[in-house]
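Have a look at the structure below, then the notes.
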Amino acid sequence: QVQLVESGGGVAQAGGSLRLACIASGGSFSQYAMAWFRQAPGTEREFVSAIARRGYSTNFADSVKGRFTISRDNAKNTLYLQMSSLKPEDTAIYFCAAGPIATMDAEAYNYWGQGTQVTVSS
């Protein structure tokens, strides 16, 4: 059983940056593909970014491409999301997830964190 805990959320101004982290415990972190999803009020959870087990392959939603970077440190059991050039529409709860493959499909992920709130003011 893998436990995931996100941190790093908060309030940022438009154009600013935030770095989210997700620490995993209770399992072998390097055996899981990891991803970030987000959910804004009144909307469905949406894919943000995913990274393969060794970090060699990544993918991003079109809405964040060129602004967000995903990375992982398998030695520290930690996943990161560096968010830059933030926009008010990035405001959401951000969740990390672990699963067998790096995909945009939320159903493919077995483990989820509780989420961290990101608010971007204009």
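The values are calculated or read from the model by the stated rules, or taken from the named source; none is laboratory data. Because the structure is predicted, anything quoted here is derived from the model rather than measured. In this analysis, Cβ positions are derived from the backbone assuming ideal geometry, glycine residues included, and neighbour counts consider all displayed protein chains. Side chains are part of the model used for accessible areas, which takes the heavy atoms of the whole protein and leaves out ligands, DNA and RNA. Shrake-Rupley method; radii C 1.70, N 1.55, O 1.52, S 1.80 Å.
Worth pointing out:
Residues checked against (1) closer than 19 Å to Q114 by Cα; (2) without any contact (Cβ under 8 Å) to a residue 60 or more places away in the chain:
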{"position": "V5", "(1), (2)": "yes, no"}
{"position": "A24", "(1), (2)": "yes, no"}
{"position": "A35", "(1), (2)": "yes, no"}
{"position": "T43", "(1), (2)": "yes, yes"}
{"position": "S49", "(1), (2)": "yes, yes"}
{"position": "R54", "(1), (2)": "no, yes"}
{"position": "A61", "(1), (2)": "no, yes"}
{"position": "N74", "(1), (2)": "no, yes"}
{"position": "S84", "(1), (2)": "no, no"}
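- Against the list (1) touching a residue at least 40 places away in the same chain (Cβ under 8 Å); (2) exposed (fewer than 13 other Cβ atoms within 10 Å of the Cβ), the condition Q31 fails is (1).
- Residues located in segment 40-57, provided they are open to solvent by 30 Å² or more (accessible area, probe 1.4 Å) and aromatic (F, W, Y): Y56
- Of all residues in segment 90-111 being under 20 Å from S30 (Cβ atoms) and among the polar types (S, T, N, Q), the one that is surrounded by the most Cβ atoms within 10 Å (Cβ to Cβ): T103
- When the residues of segment 69-89 are filtered to those that are closer than 23 Å to V2 by Cβ and of a type outside the set (S, T, N, Q), the one that is surrounded by the fewest Cβ atoms within 10 Å (Cβ to Cβ) is A75.
- Qualifying residue in segment 6-17 (condition: part of a strand (DSSP E or B), within 15 Å of A98 (Cβ to Cβ) and either under 11 Å from the mean Cα position of the chain (by Cα) or at pLDDT 95 or above (or both)): yes
- Hey, G99 modelled with pLDDT of 95 or more and farther than 18 Å from Y111 by Cα or not: no
- Only a single criterion out of (1) farther than 22 Å from Q1 by Cα; (2) surrounded by 15 or more Cβ atoms within 10 Å (Cβ to Cβ) is not satisfied by F37, namely (1).
- Considering segment 56-122, the qualifying strands (runs of 3 or more DSSP E), each wholly inside and each with 2 or more residues that are among the charged types (D, E, K, R), run over 68-73.
- Verdict on F60 being open to solvent by less than 10 Å² (accessible area, probe 1.4 Å) and within 20 Å of T103 (Cα to Cα): no
- Taken over segment 18-51, the criterion of being polar (S, T, N, Q), under 22 Å from K76 (Cβ atoms) and outside any loop (DSSP other than H, G, I, E, B) is satisfied by S25, S30, Q31, S49.
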